[in-house]
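This report concerns only the one structure given below.
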Amino acid sequence: MLPIELLSVIIASIGNIFLGLFTFFKNPKSATGKLFLSFTLLLALYIGLNYAATHQATDAAASVFVRVVMSNAVLINLFFYLLVDTFPQAKIRTSKLIFWSSVIVSVILVPITYLFIFEQVTITNGSIKTLPGLAMSAFLLHTLVYVAGGFLWLIHRYRKSRGIEKTQRRFFLVGTVFMFVSLLVTNLVFVVLFNNATLVGLLPLYTLVFVGCISYAMVRHRFLDINVLVIRVVVYSVLIALVAILFT
């Protein structure tokens, strides 16, 4: 039987990619669909790389994977913000100045993050230990601007929207809150306060719920003109998979 951590990585990665492709090919001209697909692919890549990083035998190999994971996180930050700002429109709403400056800054930060985010990466007693480097401040600032800023912008958009768009953004907001709260509870509360890391292996599944909420918001209200019955089957399948993981 596969370890629960690996099983959750496989299910979450395949599920995220499937939902991204499924929604994209129904309306490939939509900017939201393109951004959503890009975001899900980056998320699936992040999940796989993160698992690989924590299962390396040498410091050198672990260092490479950890740096790639952090570099990939830069792009996830960017696409999260762009998705929040565009959703659920068919065209990108971000001004050209903000869009291209964000893209250029992020692209430049990717190799800088890889090279300088950590001074040292070592494996101690099976756990990865890192020593922050010069690029850590820039990475944290980038995350603050595009993830925290994107979250606040999502709340603002939700409050200002009406009708179907408000309902769509509600699903987006619920999925985002669920993922962040789940990460906080399993990675901080359980690990730090109760010294219990049992639920950390389920981390990838939180991203699947997050992506599932966005996908449901896009299709449930005919944004991409997909049969509602089909998406319900997908959502129910994800829920069944989650239950199976928990029982495992």
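The values are calculated or read from the model by the stated rules, or taken from the named source; none is laboratory data. Please read all numbers here as calculations on a predicted model, not as lab measurements. We place every Cβ from the backbone using ideal geometry, glycine too, and count neighbours over all the protein chains shown. These area figures cover heavy atoms from the full protein model, side chains too; ligands, DNA and RNA do not enter into them. Shrake-Rupley method; radii C 1.70, N 1.55, O 1.52, S 1.80 Å.
It is to be established whether one or more residues within segment 148-169 are modelled with pLDDT under 90, aromatic (Phe, Trp, Tyr) and under 27 Å from residue 14 (Cβ atoms).
There is no residue in segment 148-169 that is modelled with pLDDT under 90, aromatic (Phe, Trp, Tyr) and under 27 Å from residue 14 (Cβ atoms).
Restricting the first residue to segment 54-83 and requiring it to be within 14 Å of residue 118 (Cα to Cα), which pairs with a second residue that is surrounded by 21 or more Cβ atoms within 10 Å (Cβ to Cβ) meet a Cβ separation below 6 Å and a spacing of at least six or different chains?
62/121; 63/121; 66/121; 70/113; 70/117; 71/113
So is residue 32 over 15 Å from residue 206 (Cβ atoms) and in a helix (DSSP H, G or I) or not?
Answer is yes for this residue.
List pairs: first in segment 156-170 and among the small types (Gly, Ala, Ser), second in a helix (DSSP H, G or I), Cβ under 6 Å, 6+ apart or cross-chain?
161/169
If residue 18 satisfies every condition in (1) part of a helix (DSSP H, G or I); (2) farther than 22 Å from residue 87 by Cα but one, which is the exception?
(2)
All but one of (1) in contact with an Asp or Glu (Cβ under 8 Å, 6 or more places away or on another chain); (2) under 22 Å from residue 174 (Cα atoms) hold for residue 85; state the number of the condition that does not hold.
Exception for residue 85: condition (1).
Looking only at segment 86-94, decide whether some residue is part of a helix (DSSP H, G or I) and either of a type in the set (Lys, Arg) or farther than 18 Å from residue 36 by Cβ (or both).
Looking for residues that are part of a helix (DSSP H, G or I) and either of a type in the set (Lys, Arg) or farther than 18 Å from residue 36 by Cβ (or both), one finds none in segment 86-94, hence no.
Yes/no matrix, rows are residues, columns are (1) closer than 23 Å to residue 179 by Cα; (2) open to solvent by less than 20 Å² (accessible area, probe 1.4 Å):
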| site | (1), (2) |
| --- | --- |
| 3 | yes, no |
| 8 | yes, yes |
| 21 | yes, no |
| 24 | yes, no |
| 28 | no, no |
| 36 | yes, yes |
| 50 | yes, no |
| 55 | no, no |
| 60 | no, no |
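Quick check on residue 99: is it aromatic (Phe, Trp, Tyr), crowded, with 21+ Cβ neighbours inside 10 Å and under 23 Å from residue 20 (Cβ atoms)?
Considered against the rule, which asks whether it is aromatic (Phe, Trp, Tyr), crowded, with 21+ Cβ neighbours inside 10 Å and under 23 Å from residue 20 (Cβ atoms), residue 99 comes out as no.
Taking residue 41, is it part of a helix (DSSP H, G or I), open to solvent by 70 Å² or more (accessible area, probe 1.4 Å) and in contact with a Gly (Cβ under 7 Å, 6 or more places away or on another chain)?
Spelling it out, residue 41 is indeed part of a helix (DSSP H, G or I), open to solvent by 70 Å² or more (accessible area, probe 1.4 Å) and in contact with a Gly (Cβ under 7 Å, 6 or more places away or on another chain).
Exactly one of (1) modelled with pLDDT under 70; (2) over 26 Å from residue 29 (Cβ atoms); (3) open to solvent by 40 Å² or more (accessible area, probe 1.4 Å); (4) not small (Gly, Ala, Ser) is unmet by residue 233. Its number?
All conditions are met except number (2).
Looking at (1) at pLDDT 90 or above; (2) more than 15 Å from residue 146 (Cα to Cα); (3) of a type outside the set (Gly, Ala, Ser), find the lone condition where residue 109 falls short.
Every listed condition holds for residue 109 apart from (2).
It is to be established whether one or more residues within segment 132-144 are among the hydroxyl-bearing types (Ser, Thr, Tyr) and open to solvent by less than 50 Å² (accessible area, probe 1.4 Å).
yes
Which members of segment 64-81 meet the condition of being within 18 Å of residue 153 (Cα to Cα), under 9 Å from the mean Cα position of the chain (by Cα) and open to solvent by less than 20 Å² (accessible area, probe 1.4 Å)?
Those that are within 18 Å of residue 153 (Cα to Cα), under 9 Å from the mean Cα position of the chain (by Cα) and open to solvent by less than 20 Å² (accessible area, probe 1.4 Å): 77, 80.
Starting from segment 9-23, keep only residues that are at positive phi, then list their pairs with residues that are among the aliphatic types (A, V, I, L, M) and not in a helix (DSSP H, G or I) whose Cβ atoms are within a distance under 6 Å, requiring at least 6 positions of separation or different chains.
From segment 9-23, no pairs qualify.
Between a first residue in segment 31-49 that is over 14 Å from residue 212 (Cα atoms) and a second residue that is among the aromatic types (Phe, Trp, Tyr) and assigned to a helix (DSSP H, G or I), which pairs have beta carbons less than 9 Å apart while being 6 or more apart in sequence or on different chains?
34/24; 35/79; 38/79; 42/79; 49/65
Which pairs do you get when a residue that is under 18 Å from residue 132 (Cβ atoms), found in segment 103-114, comes within reach of a residue that is outside any helix (DSSP H, G or I) and open to solvent by 80 Å² or more (accessible area, probe 1.4 Å), reach meaning Cβ atoms under 7 angstrom, with the pair 6+ apart or on two chains?
Here the result reads none, with nothing in segment 103-114 linked to a residue that is outside any helix (DSSP H, G or I) and open to solvent by 80 Å² or more (accessible area, probe 1.4 Å).
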